[in-house]
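The values are calculated or read from the model by the stated rules, or taken from the named source; none is laboratory data. Only a predicted model underlies this, so the values are computations on that prediction, with no experimental measurement involved. Here the Cβ positions follow ideal geometry from the backbone for every residue, glycine too, while neighbour counts run over all protein chains shown.
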């Protein structure tokens, strides 16, 4: 008899590098070294926001959080730190990360997660503008329930991922101001 699958509702963060294939084609060694540095930033920030890295292969990152607020706070901090690191690089070598966040049902099997909740987050990452942007579906945005000054909403139409209703773009913040939720 097959064991029953464990399901749960979770906030899934999916991220990848815009233009990763181009960067690898131009200079593989530099790209791998820079990606490792940037991965360490992401892997350090995620646990600080009560999340865990589920998978991290190539330029992809998949993480889960019990809270949408925690997922978005982690994404905001990741984008801010990586934007600062990118500012030190030549424009054609910058690694701009796209991040999608979805609150959805997933199947949990050991340390891995599967299902539409994860797949939607992965599709959303492709809709996130780079640099320093996130893409969320309406239900995730509603669960966030914040109107912080860093949050700007843009109606979003998409033929490839109709689940995306809004794109969330981070506003510029000075270095002394921290992002907070009300």
Could you tell me how many of the residues in region 11-21 are more than 12 Å from the chain's Cα centre (by Cα), closer than 18 Å to residue 43 by Cβ and not in a helix (DSSP H, G or I)?
0
So residue 43 clears everything in (1) touching a residue at least 40 places away in the same chain (Cβ under 8 Å); (2) within 22 Å of residue 134 (Cβ to Cβ) except one condition, right? Which one?
(1)
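In this structure, does residue 5 turn out to be in contact (Cβ under 8 Å) with a residue 40 or more places away in the chain and exposed (fewer than 12 other Cβ atoms within 10 Å of the Cβ)? Before you say what the answer is, go through the steps one by one.
Details: in contact (Cβ under 8 Å) with a residue 40 or more places away in the chain: yes; exposed (fewer than 12 other Cβ atoms within 10 Å of the Cβ): yes.
Considered against the rule, which asks whether it is in contact (Cβ under 8 Å) with a residue 40 or more places away in the chain and exposed (fewer than 12 other Cβ atoms within 10 Å of the Cβ), residue 5 comes out as yes.
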What are the residue pairs meeting all of these: first residue in region 61-73, first residue over 11 Å from residue 144 (Cβ atoms), second residue assigned to a loop (DSSP other than H, G, I, E, B) and at pLDDT below 95, Cβ atoms under 8 Å, and 6 or more apart or on different chains?
62/56
Given (1) modelled with pLDDT under 95; (2) surrounded by 12 or more Cβ atoms within 10 Å (Cβ to Cβ), identify the lone condition not met by residue 40.
(2)
Given the conditions (1) assigned to a strand (DSSP E or B); (2) at pLDDT 90 or above, which single one is not true for residue 152?
(2)
I'd like to verify a number: residues in region 82-124 that are in contact (Cβ under 8 Å) with a residue 60 or more places away in the chain, closer than 14 Å to residue 6 by Cα and out of contact with any strand residue (DSSP E or B) (no Cβ under 9 Å at 6 or more places or on another chain), how many?
0
Can you give me the ranges of the strands (runs of 3 or more DSSP E) entirely in region 52-120 with at least 3 residues that are out of contact with any helix residue (DSSP H, G or I) (no Cβ under 8 Å at 6 or more places or on another chain), farther than 21 Å from residue 142 by Cβ and modelled with pLDDT of 90 or more?
96-109, 112-114
Picking from 34, 10, the residue that is in contact (Cβ under 8 Å) with a residue 12 or more places away in the chain and farther than 22 Å from residue 115 by Cα would be 34
